[in-house]
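This report concerns only the one structure given below.
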Amino acid sequence: MRANLPKTQVQANCLIAGQWVMGESGQTPIHSPYNGSLIGQSSEPSSAQIETALVAAASAQKEWARLPIKERSKILFNFRNILIRDLDEISHLKSCESGKTFEEGKAGLLKGLEVLEFAISIQNLDLNGKLEVSRGVTCEYRREPLGVVLNITPFNFPAMVPMWTIPITIALGNAYVWKPSDKTPLTSVRIANALIDAGLPPGVLTVLPGGSKTVETLIDHPIIQAIGFVGSTKVARIVYERGTRLGKRVLALGGAKNHIILLPDANPELSGIGISDSFTGCAGQRCMAASVLLAVGNVDAHIERIKARAHSLKLGDDMGAIITKAQVEFLRSSIDRAEREGAKVILDGRKTPAPAEMQSGNWIGPTILDHVKPGSDAHTTELFGPVLSIIRCKDLSEALAIQATSAYGNACSVFTSSGALADRVTREAKAGMVGVNVGVPVPREPFSFGGVRASKFGHGDITGVHSLDFWSDVKKITTKWEVQSDSNWMS
Ligand code: NAD
């Protein structure tokens, strides 16, 4: 289903010290990928505004951290109720600024709510511990917030990716500075307003839209203690290097080129649905999308099912739009190039007509390239669109060897009926997240999300239980109150 375009334009300004103010460094118009219509604008902060925002955030964080986690969690609980109340409205806005279908927009927000529910439960985890280590001597550890943390988010999940980090970081007592995508900043207004209405004190959340200049100023600022980034590998590397050069803690999640291994004994229905939906969902604009199909042996009947399902999708209703016209051109030229290099186009999205009344939008249909050569552009480059490259392999060993050559390592899945073969893939695949008969193997909280290789720079995970160590410090306290008759090294 298509999302409703907003009736009035949405203004995404800067949230500084709890107040929405117009950024002083210029405005950027935001057009819907559906039909190119102007749906809002964002304004970028000046250096002076960034300074004011960070000083206010640092001051607010001190008070916020003094509240018991139980009190902080109550505000997050209110936030959850507001998001559930406004679920459809927010989903419409985020879908029409990012090009998703309404159902995809809603699914992303629901995924974000799962992280929020995990964050609310952190108060019940064992965050502190104490032990008598010698007679009359105790050692204790306490989890403490870092201070003001920065998060830079991509266009393709305007609510879900920020919701990976907002709830966990602020539950732990940090203040959060959000630099939303310059392409999809409008949703940030709704998320921030929900937090304000939930009772979040001014300054605990700061929103600063903008581009690379804003990001650089924020990374370099001494108030920023830690940086989370989600986006392309090119920018992830820039952010990681800039932040770590200053001695800051950085976790930068990058792009992907996910391989799916299809074995001849796979359940035809499970693989047909799972693989087709994986490469066409969100029009292929997600870091967990299937991108390369390693077809082992004779799986032609399976491929026919994948193709038939993808072919049946109606643009606009079942599959959404592409973020920009430039990206549509990039996808078209990548398909042209693969064809010139010998791939066979067995499903051609270049010919799929744009939906009626949306001719001026950014559209391309699902595309399947068969007989792609290992190491060619269609195999190695992240295209970020609804394009599946099939590489034919003689056996599982060859498929695993090809997967292992990938520069990226976000996800890898296998479709098979054999537990032993599935087990081999889960052990040998070079990826942070592996699926068995699952096209999009996104772990659910409390399991953490994250890849390896060029899909993630930095140590640790951005969500789930493993993120607690990234978003907080563990302080160790050793205590003695009385003089003991026997002396030891702790005297
Ligand atoms: P992007 O790298 O272009 O932008 C990400 C963020 O960085 C945005 O906020 C953008 O405004 C900012 N930015 C852009 N150029 C910058 C620069 N030179 N210096 C500093 N900041 C800059 O990514 P995108 O196009 O918004 O998102 C798509 C990419 O994100 C894909 O590669 C996709 O695989 C990846 N992604 C990865 C994950 C993951 O979990 N690994 C999740 C979602 C998206």
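Per-structure values
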{"read-out": "Integer Hz, Karplus 6.51/-1.76/1.60 couplings in order for region 76-86, x for Gly and Pro", "value": "5, 5, 4, 4, 4, 5, 5, 4, 5, 4, 9"}
{"read-out": "Three semi-axes of the equivalent ellipsoid, region 345-491, Cα gyration tensor, whole Å, largest first", "value": "48, 22, 14"}
{"read-out": "Fully extended contour minus Cα-Cα distance, from S59 to R245, at 0.36 nm per residue", "value": "64.4 nm"}
{"read-out": "Helix 47-66 vs. the chain, principal-axis angle (Cα, 0 to 90°, nearest 10)", "value": "60"}
{"read-out": "Degrees, to the nearest 10: 233-245 long Cα axis against longest axis of the chain", "value": "20"}
{"read-out": "Inter-probe distance in nm under a simple model that places probes 7 Å from Cα toward Cβ, at E482 and R444", "value": "5.1"}
{"read-out": "Label zone at N4 (point 7 Å along Cα-to-Cβ), backbone N below 17 Å, region 61-100", "value": "85-97"}
{"read-out": "Solvent-accessible area per residue, Å², over the chain with all protein chains present [probe radius 1.4 Å]", "value": "41"}
{"read-out": "Distant-in-sequence amide H partners of A290 (H built 1.01 Å from N, under 5 Å)", "value": "F279"}
{"read-out": "Shape parameters for region 258-436, alpha-carbon atoms, Rg then Dmax in Å", "value": "15.5, 51"}
{"read-out": "Placed amide H near D469: partners under 5 Å, 5+ positions off or other chain", "value": "none"}
{"read-out": "Globularity index of the chain, i.e. its alpha-carbon radius of gyration over 2.2 N^0.38 Å", "value": "1.04"}
{"read-out": "Relative contact order, percent, the chain [alpha-carbon distance under 8 Å, six or more residues apart]", "value": "18"}
{"read-out": "Accessible surface of the chain, 1.4 Å probe, proportion on carbon and sulfur as whole %", "value": "54"}
{"read-out": "Cα gyration tensor, region 1-69 - rounded (a/c under 1.5), prolate or oblate", "value": "oblate"}
{"read-out": "Partners for K314 among lysines (Cα-Cα distance below 27 Å; same-chain residues under 8 apart left out)", "value": "K7, K94, K100, K106, K111, K183, K257, K325, K344, K351"}
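The values are calculated or read from the model by the stated rules, or taken from the named source; none is laboratory data. Being a predicted model, the structure only gives us computed values, none of them experimental. Cβ: placed from backbone, ideal geometry, glycine included. Neighbour counts: every protein chain shown. For accessibility, only protein heavy atoms count, side chains too; no ligands or nucleic acids. Shrake-Rupley method; radii C 1.70, N 1.55, O 1.52, S 1.80 Å.
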